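The values are calculated or read from the model by the stated rules, or taken from the named source; none is laboratory data. Note that the structure is a prediction, hence the values are computed from the model and not measured. Cβ sites come from the backbone with ideal geometry, for glycine too, and all protein chains shown count toward neighbours.
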Amino acid sequence: MVIELFSYKSSILNPLLKIAVIVLFAIGTWYFYRAQRKFKGNIGDVARALMWGGIAGVIGAAFRLLGDVFIEFKWIESTGGLLFALVSVYVAYLVYVKFAEIAQAFGMKVVKKYGFLVQL
């Protein structure tokens with residue numbers, strides 16, 4: 001026996017949670033947009049990449065909601081998720097490559113490199 005509140009097809013939670021995901025991605029994307037406008041250099045580059053990831057997340061989440069009504073949009077949901085994952089890998093690469101500069105921007109004086117503490 002399925003409780004109606006947790007039923008995928010009939011519960012109000014299903015669309016509400018999908019809308020909440022869209023709204024949260026949009027809020028995060030707005031903050032990344034503001035950050036990339038405010039900061040230049042490495043921090044701005046990372047914020048810009050995160051902003052594009054947020055846009056992909058909003059698109060993927062929106063088509064996840066629409067996919068319940070229009071089955072032909074389900075492939076866009078997967079494409080949005082794939083784009084979000086690709087941008088996340090790119091951001092991780094940016095942070096990894098530019099870690100020293102980012103650490104200095106955040107006021108760190110010493111970081112660990114190859115198991116040793118290195119003065120920046």
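So the values come out like this:
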{"quantity": "Of the criteria (1) of a type in the set (A, V, I, L, M, F, W, C); (2) at pLDDT 85 or above; (3) in contact with a helix residue (DSSP H, G or I) (Cβ under 9 Å, 6 or more places away or on another chain), which one V89 fails", "calculated": "(3)"}
{"quantity": "Qualifying position, being surrounded by fewer than 14 Cβ atoms within 10 Å (Cβ to Cβ), under 15 Å from the mean Cα position of the chain (by Cα) and not polar (S, T, N, Q), among V89, V58, V97", "calculated": "V89"}
{"quantity": "Tally of residues being more than 22 Å from A105 (Cβ to Cβ) and aliphatic (A, V, I, L, M) across the range 21-51", "calculated": "6"}
{"quantity": "Tabulated pairs, the range 67-92, first touching a residue at least 12 places away in the same chain (Cβ under 8 Å), second of a type outside the set (S, T, N, Q) and surrounded by fewer than 17 Cβ atoms within 10 Å (Cβ to Cβ), C-beta under 6 angstrom, 6+ apart or interchain", "calculated": "none"}
{"quantity": "Per-region count, the range 6-36, residues of a type in the set (A, V, I, L, M, F, W, C), loosely packed, with under 15 Cβ neighbours inside 10 Å and part of a helix (DSSP H, G or I)", "calculated": "10"}
